[in-house]
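All of the numbers you see were taken from the coordinates with simple rules; none came from a lab. What you are looking at is a predicted structure, and each value in this text was computed from that prediction instead of being measured. Backbone-built Cβ (ideal geometry, glycine too); neighbour counts: all protein chains shown.
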Amino acid sequence: MTAGGDVRAELVAAIGRARRLVLVAHVNPDPDAIGSALALGLAMRAAGREVDITFDAEPFVVPRALAWFPGADTLVAPGQVMADPDLVIALDCAAPDRLGRLLPMAHRAPTFAVVDHHRSNTGFADLDLVDPTSPATGQIVAELLEELGWAWDNAIATNLYAAISSDTGSFRFASTTADTHRLAGRLHEAGVDHADIARRLYSDRPLSVVRLAAEVVTGATHDPMAAGGAGALIAVVSRADRARHKLAYDEVEPLISDLAAAGGVDVAAIVKEDDQGSWKVSTRSKGAVDVGRLCADAGGGGHTQAAGYTPSSTDIEEVVAQLCAALNRPDYRIT
Ligand SMILES: [Mn+2]
């Protein structure tokens, strides 16, 4: 696993040679995963390649928040994917289980590559292009396309811009670099409608989601003494909470940013129940706690300031107690 020039050059060569490709975004896809997969896929199709773009979900439904991404109408279910690709590329997948049921197909392909930016990704494919210094997989894909000499049209540029905007919290997170802003500038010049993308990403939630967000923030537990006095806000969203507002699991994903909006509290955490009754923990930090390492130790992963994990316990009180205990361990503090 390396982000070095050799892997990058090998991947560019493999993409150049391949004629039949499958691109895989991670399960519960987010804008970075889908935007990266669609941008790369649309560019490959324009270069004459046969490309299937997919992710694992059962039933296979493109989340409402991602359905507007250019090319999203061409996403196919895992069962519809070509049987004999030359190359499979997983996008934004930090660990093998993020491919879901598509993992065996990826391992069967002559070449399996991963393009990702999660620090917890230790490499699990033939070619691992993992760059933890990149704020979004979309930024790595944009650089790959420039290396391939493949122009981005408006649809490709829109996917890249949405991927990068989303994973940088609209260019707010510390992971945003001068290169990120320069790349955004080139995407502007390619004609993206940045105001429309921002509206779709950040100001187009169903009213029911906004109402649930208010409930979640109101019901959150504030522990000012957590994490050595850095403070934490912890909220729980059960299946019953979602059912009252008729919301799917993926629609409550963005509520963590509502909690993280509170000043004077370093860590925001939401514990969410999925349709199968298992809990997922999402965390954000403003910089005093390395939630990436905390979540990796709990079997998950992510970035220093945004990470998550799936607890082994199905007992919500135990899940919250374990999270609080982890937050109080001094080894995750950034001094
Ligand atoms: Mn990402």
Fill in the blank from the handout: With the charge dipole of the chain built from beta-carbon charges (+1 for Lys and Arg, -1 for Asp and Glu) about the Cα centre, the Cα from 43, 269, 197 projecting farthest to the positive end belongs to 197
Practice task
Using 0.36 nm per residue of separation minus the Cα-Cα distance, give me the extension gain between residue 47 and residue 204 in nm, one decimal.
Solution key: 53.2 nm
Handout entry: Backbone N within the range 104-126 under 13 Å of label point (7 Å from residue 179 Cα along the Cβ vector)
Key = 116-117
Exercise for the section: On a 0 to 90° scale, report how tilted helix 137-148 is relative to the longest principal axis of the chain, with both axes built from alpha carbons and the result rounded to the nearest 10. Expected result: 10
Handout entry: Degrees between helix 207-219 axis and first principal axis of the chain (Cα, 0 to 90, nearest 10)
Key = 40
Fill in the blank from the handout: note: the range 208-332, Cα-Cα separations exceeding 21 Å make up a percent value of 32
Completion exercise
Taking the chain and counting helices only, DSSP H stretches of n ≥ 4 at -39,500 (n - 2.57) each over all residues, the nearest-500 ellipticity at 222 nm comes to -11500 deg cm²/dmol
Exercise for the section: Would you mind classifying the range 260-335 by shape? Square roots of the alpha carbon gyration tensor eigenvalues, ordered a ≥ b ≥ c; an a/c under 1.5 is rounded, otherwise it is prolate if a/b is larger than b/c and oblate if not. Expected result: prolate
Fill in the blank from the handout: Expressed in angstrom, Rg and Dmax over the Cα atoms of the chain are 19.5, 58
Fill in the blank from the handout: Both in Å, the radius of gyration and Dmax of the C-alpha trace of the range 5-202 are 15.2, 42
Completion exercise
In the chain the DSSP beta bridges are antiparallel at a rate, in percent to nearest 5, of 40
Handout entry: ³J(HN,Hα), Karplus 6.51/-1.76/1.60, whole Hz, each residue of the range 272-289, x for Gly, Pro
Key = 10, 9, 8, 5, 8, x, 9, 9, 10, 10, 10, 10, 9, 10, 8, x, 8, 10
Practice task
Quick one: dipole size for the chain, taken about the Cα centre, charges +1 on Lys/Arg Cβ and -1 on Asp/Glu Cβ, in debye to the nearest 20.
Solution key: 380
Problem - Helix axis angle, 178-189 relative to the chain longest principal axis, alpha carbon, degrees - result: 60
Practice task
For the range 159-237 and the range 288-335, write down the distance between their C-alpha centroids in whole Å.
Solution key: 20
